[in-house]
Amino acid sequence: MTQYFLTVPHDTAEEPTMASMQAMDPAELEAMIAAVGRLNAALQEAGAFVHAGGLQPPSTAITVDATGSEAKHIPGPFVEASQYVGGFWIIEAPDDAAALRWAEQCSAATQSRIEVRALQGNPE
């Protein structure tokens, strides 16, 4: 089976965090958390769940560059962008169609767009 990386994009201007999520309408936040919980349970029951998580915003990133004679630690993300990956799932699916069906459920649960990309296989 192929593994897929399903990502949840966020707008850089917003940088949602756990703290800022507390400013959401409590009923909406509770409904979203419950929907994601049901989705994760369905993924696990189907044997498709590999891993999932949320990421801190790009302002917390440190880019490491050890390509020269000295390693550099550069505050910030490696690329400037108007959007960034805020969370993700890694799932296993038999094909692209199945991965897209899971992504549809992820999108509905998070009320966000979802990007789907297959992970590369091991070199032959």
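The values are calculated or read from the model by the stated rules, or taken from the named source; none is laboratory data. Because the structure is predicted, anything quoted here is derived from the model rather than measured. In this analysis, Cβ positions are derived from the backbone assuming ideal geometry, glycine residues included, and neighbour counts consider all displayed protein chains.
So the values come out like this:
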quantity: Residue within region 46-58 that is at pLDDT below 85, among the small types (Gly, Ala, Ser) and assigned to a loop (DSSP other than H, G, I, E, B) present; calculated: no
quantity: Near pairs, Cβ below 9 angstrom, 6+ apart or cross-chain, from region 34-55 (of a type in the set (A, V, I, L, M)) to any residue that is surrounded by fewer than 14 Cβ atoms within 10 Å (Cβ to Cβ); calculated: 35/108; 35/111; 39/108; 48/1
quantity: Those residues of region 45-64 which are more than 17 Å from the chain's Cα centre (by Cα), under 20 Å from residue 6 (Cα atoms) and surrounded by 12 or more Cβ atoms within 10 Å (Cβ to Cβ), in sequence order; calculated: 46
quantity: Restricting region 65-90 to residues that are surrounded by 11 or more Cβ atoms within 10 Å (Cβ to Cβ) and among the β-branched types (Val, Ile, Thr), the residue that is modelled with the lowest pLDDT; calculated: 85
quantity: One residue from 80, 92 being over 30 Å from residue 28 (Cα atoms), more than 14 Å from the chain's Cα centre (by Cα) and not in a helix (DSSP H, G or I); calculated: 80
quantity: Residue satisfying all of: in region 1-28; of a type in the set (S, T, N, Q) and more than 19 Å from residue 115 (Cα to Cα); modelled with the lowest pLDDT among these; calculated: 17
quantity: Residues within region 63-77 that are part of a loop (DSSP other than H, G, I, E, B) and either under 24 Å from residue 116 (Cβ atoms) or among the hydrophobic types (A, V, I, L, M, F, W, C) (or both), tallied; calculated: 3
quantity: So residue 31, is it exposed (fewer than 15 other Cβ atoms within 10 Å of the Cβ), over 16 Å from the mean Cα position of the chain (by Cα) and either of a type in the set (D, E, K, R) or modelled with pLDDT of 95 or more (or both); calculated: no
